[in-house]
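Below is one structure, written out as structure tokens; comments come after it.
The values are calculated or read from the model by the stated rules, or taken from the named source; none is laboratory data. Everything numeric in this text was worked out from a predicted model, so none of it was measured. Cβ placement follows ideal geometry from the backbone for every residue including glycine, while neighbour counts extend to all protein chains displayed. These accessible areas exclude ligands, DNA and RNA; they are computed on the full protein's heavy atoms, side chains included. Shrake-Rupley method; radii C 1.70, N 1.55, O 1.52, S 1.80 Å.
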Amino acid sequence: MLIYNMSIKDKKIFPSLPFSIRNSKLLKAVITFSSNIIRTKLFNTNAKRGPLFISWLCTYQCNARCKFCSTHEMNKQFPESLSRERALEIAHEIGRAKTWVVGFTGGEVLLWPHLFEVIKVLKKYGVRVYIITNGLSLKNNVDSIIKSGIDTVVVSIDSIDSQEHDQNRGKEGIYSSLMEGIEQLKNKRKGEKPTIKSTTVISRKTYSGIEKTVDRLSGIVDVVSIQPVVTDYANGPHNISEEERSSFFPEKSEEPLIIETLRRLAKKYPSFNNFYFRNIATYWFSPEKLLKLKCWSPFLRLLIMPQGEVSHCPANSKYSKKVGDLKINNLMEVWNSSEMKRHREEIRKHQNGCICWSQDASFNAFLYSLPFINKLPIFKKRS
């Protein structure tokens, strides 16, 4: 999952990159981005550097029971199998591959026993790291978070009504625990590191109170973000059962009210005035309009699963199957695998037909806003 967070001076350059950038980090990112785009998108040859972004879905274990999440079912299907030793080796491979950002997600990342050891390795290479947590055990891990050097802590907060949030997350007391954890982190951190960010899943259940939620959270955390409820993620936790869909996905009759709500929020908070946020309603009600966006996933990112298998896209069943296995291959072997190249060939010719709007793929929306990048030529097309 990619997340928005930037300083004011960075917004004019990159309005929706994961977090505040400094010159050295920006240079490293530009080099990695340019190298991959030239080799993998323009020519579909072996990359010399690793993916710019890696999402490490480190565990399906979770201490909450969110009603819009299939994590517990995924945990039954795909038990973890990466050893501590291999996880640390992978961290070294990521660092040597010049990856810029690694985000840890789950499940609940703070339940993964190797989390902080792996992050310490990544930080030795200068990799930017963020974690996404439901916040239930945040207060018990504040010291470890600060000591490990994590850059951004993202806490899922669906509502500032504690009862509504707890009900949505299927765990009584989770709201009070996460708020206590945030306060402890703010009190113990040095300066503004780690950045504390909230992410709110907007759905049929929460859109009516979303403005109030953002108003309140703006005074609690450093950065507030929103993403729409999504589904049909083949090998990811963002999947909703058929019986729950109607309660989370809005009906067509609600479209005008939702559009007005999002418009008002974007006007009030300029950071939301971007292509991704403005088209949340489009994703829900007219997703076919988003087919025009080109996918950048196989050229920029990889997704590491708890059992060591790797994909680049959980949103399309055509591409969610593994492109490699880190129990067998090293990172660069996976990044340059024949299956990865097959995916790239289809996607670089815009034959994928994907529609996704989670923050996992928000860089598609960002790159779509840069006209020159969408006019890059495609060489050596293969059948």
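Structure notes:
- Links that overshoot a 23 Å alpha carbon limit, given the list Lys139/Lys190; Lys171/Lys318; Lys292/Lys375; Lys268/Lys375; Lys123/Lys193: Lys171/Lys318; Lys268/Lys375
- Once both labels are positioned 7 Å from their Cα atoms along Cα-to-Cβ, the gap between Lys289 and Gln163 label points is 3.7 nm.
- Beta bridges per DSSP with both ends in the chain, % antiparallel, nearest 5: 15 percent
- For the range 74-137, pairs of C-alpha atoms spaced more than 14 angstrom apart make up 59 percent of the total.
- Residue list for the range 315-336, given a label point 7 angstrom along the Cα-to-Cβ vector of Arg96 and an amide N cut-off under 20 Å: 324-336
- Local net charge near Ile145, Cβ-Cβ under 11 Å (Lys/Arg +1, Asp/Glu -1): +3
- Look at the dipole of the chain built from charges on Cβ: of Cys62, Phe372, Ser218, the Cα furthest out on the positive end belongs to Phe372.
- Within the accessible area of the chain, the carbon and sulfur atoms contribute 52%, probe 1.4 Å, all protein chains present.
- Around Ile182: net Lys/Arg minus Asp/Glu count, Cβ-Cβ under 13 Å: +3
- Computed about the Cα centre, the dipole magnitude for the chain is approximately 2040 debye when only Lys and Arg (+1) and Asp and Glu (-1) carry charge, each at its Cβ.
- Across all directions, the average flat footprint of the convex hull enclosing the Cα atoms of the chain is 17.4 nm².
- Each Cα pair under 8 Å and six or more residues apart adds its sequence gap; the mean of these over the residue count of the range 231-383 is a relative contact order of 23 percent.
- The listed residues Leu122, Leu291 rank as Leu291, Leu122 when sorted by accessible area, largest first, using a 1.4 Å probe.
- Relative packing of peptides 98-105, 182-189 - highest average C-beta neighbours within 10 Å first: 98-105, 182-189
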